[in-house]
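Here is the structure we will look at.
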Amino acid sequence: MEEKIKITISKNVLTKLENDCAKFIFHKGTGEINRNLFFNTLILNYYKRFSSIEETTKKDIKKIISSYNTSNEQELTNEIVKYLASKELDTMSTSTTIINIKPTKVTADAIQYINNYLLSASTISSYYRRLFESYAKFPQSQREQIICKPVYTKIQTAIKEKRKVYIILKNGNEIKEASIYTIKASSDELYNYLLFESKNGFSCTLRLSKIKSIEILNATSTISKETKALFDKQIQCGIQYPIYSPNEEPVKVKFTEKGLRMFKKIYLYRPIPDSIQDNIYTFTCSHYQIEYYFKRFGGEAIIVSPEKLTKHLQYFYSDSYQDYTEALDDDILDVEMAIAR
């Protein structure tokens with residue numbers, strides 16, 4: 001087994017890596033995050049791509065050097081500095097920390113190859129530091145694709161070959177036959193979502209990092225026209241919000257003038273209206289998306305129908321009012337008791 005790899009790394013980058021470790025569900029049996037498994041997975045899934053990025057950078061720098069008179073050292077230096085700045089290669093903050101990575105049986109061969117052939121003039125610590133910093137520059141959804149590379153690759157293959165898949169989730173559950181429609185990142189670039197039809201014909205939405213493993217089956221995938229239409233609507237409205245039925249009741253929302261201004265400004269997770277009549281907008285999308293988005297509007301956007309969703313929001317605001325009232329009363333009581341002392 002390889003010895004531990006000791007790396008000096010930016011604290012900002014380490015924080016991002018640890019957050020990804022938790023978000024992408026790398027946990028020990030105790031519930032703690034499994035940093036070592038995450039770091040090993042990152043190295044194994046990214047080192048080839050990272051090496052390709054570095055080779056491209058070297059070629060670009062050689063082109064810059066060959067196109068300038070080497071006697072003009074200052075001009076050449078300025079061009080290289082501008083190139084490096086445009087590539088945003090320097091992400092090291094002034095605050096650093098040291099981490100140790102213990103290679104596993106799965107990554108031992110890859111790490112041996114890296115140490116023997118890819119370090120070039122770099123130190124081991126420098127190479128892995130640059131690798132982690134390069135990974136950290138990607139949006140979260142692309143980082144999820146890197147960490148889940150084997151699963152993500154098989155999903156793409158299954159879609160291309162139109163074959164069903166067998167899925168095992170990290171929580172131990174299994175999906176024996178799934179016909180995949182697509183996998184896409186949400187508009188906020190946080191996670192990737194797999195849209196598939198189950199063996200029983202149900203439309204399903206699954207986050208990429210929740211999948212432990214996937215196997216491609218010989219059976220041809222089959223997705224009904226109704227499910228395809230449902231998925232197309234879901235992608236349009238927000239892929240992370242499942243729409244379970246094409247007959248899901250439309251939602252009518254009545255806006256105040258201030259509510260309309262808020263609706264125009266708050267674009268993240270904003271549902272797309274199907275029709276507008278005066279200040280009443282009609283939406284055909286996930287009810288969960290409606291609830292999640294409009295909770296922040298208060299009385300500036302009232303859900304008129306369906307009644308079930310209207311009452312749900314009514315209870316939400318009522319309970320919140322009660323909680324705040326009790327908290328405020330408790331604070332006043334604490335102040336009065338403190339004064340009395």
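Structure notes:
- Going through (1) out of contact with any strand residue (DSSP E or B) (no Cβ under 7 Å at 6 or more places or on another chain); (2) modelled with pLDDT under 95 one by one, Tyr128 falls short only on (1).
- Condition check for Asn19 on (1) in a helix (DSSP H, G or I); (2) surrounded by fewer than 14 Cβ atoms within 10 Å (Cβ to Cβ); (3) touching a residue at least 60 places away in the same chain (Cβ under 8 Å): one failure, at (3).
- Residue match in region 166-188 (condition: out of contact with any helix residue (DSSP H, G or I) (no Cβ under 6 Å at 6 or more places or on another chain) and assigned to a helix (DSSP H, G or I)): no
- Exactly one residue among Tyr292, Tyr324 is at pLDDT below 85 and either touching a helix residue (DSSP H, G or I) at 6+ places or on another chain (Cβ under 7 Å) or not charged (D, E, K, R) (or both), and that residue is Tyr324.
- Subset tally (residues that are among the polar types (S, T, N, Q), under 23 Å from Glu189 (Cβ atoms) and assigned to a helix (DSSP H, G or I)) for region 217-244: 2
- Subset tally (residues that are surrounded by 14 or more Cβ atoms within 10 Å (Cβ to Cβ) and more than 19 Å from Ser186 (Cβ to Cβ)) for region 261-273: 3
- Test: residue in region 225-245 that is without any contact (Cβ under 8 Å) to a residue 24 or more places away in the chain and not assigned by TED's automatic domain parsing to the domain that holds Ser179: yes
- Residue within region 158-169 that is of a type outside the set (Val, Ile, Thr), under 23 Å from Leu44 (Cα atoms), in contact with a strand residue (DSSP E or B) (Cβ under 6 Å, 6 or more places away or on another chain) and buried (at least 18 other Cβ atoms within 10 Å of the Cβ) present: yes
- Matching residues, region 39-50, being surrounded by fewer than 16 Cβ atoms within 10 Å (Cβ to Cβ) and touching a residue at least 12 places away in the same chain (Cβ under 8 Å): Arg49
- Restricting attention to region 1-16, the residues being outside any strand (DSSP E or B) and more than 18 Å from Lys102 (Cα to Cα) number 5.
- Among the residues of region 249-304, the ones that are polar (S, T, N, Q), touching a Ser or Thr at 6+ places or on another chain (Cβ under 8 Å) and assigned to a loop (DSSP other than H, G, I, E, B) come to 1 in all.
- Failed item, numbered, when Ile339 is tested on (1) at pLDDT below 85; (2) in a loop (DSSP other than H, G, I, E, B): (2)
- Every condition in (1) touching a Ser or Thr at 6+ places or on another chain (Cβ under 8 Å); (2) surrounded by fewer than 21 Cβ atoms within 10 Å (Cβ to Cβ) is met by Tyr181 except one, and the failing one is (2).
- Note on region 211-225: residues that are under 21 Å from Gln142 (Cβ atoms) and crowded, with 17+ Cβ neighbours inside 10 Å amount to 2.
- Some residue of region 269-284 being farther than 17 Å from Phe297 by Cβ and either within 27 Å of the chain's Cα centre (by Cα) or assigned by TED's automatic domain parsing to the domain that holds Cys204 (or both): yes
The values are calculated or read from the model by the stated rules, or taken from the named source; none is laboratory data. Fair warning: this is a prediction, and the values are worked out from it, not measured in the lab. Glycine gets a Cβ as well: all are built from the backbone with ideal geometry, and neighbour counts include every protein chain shown.
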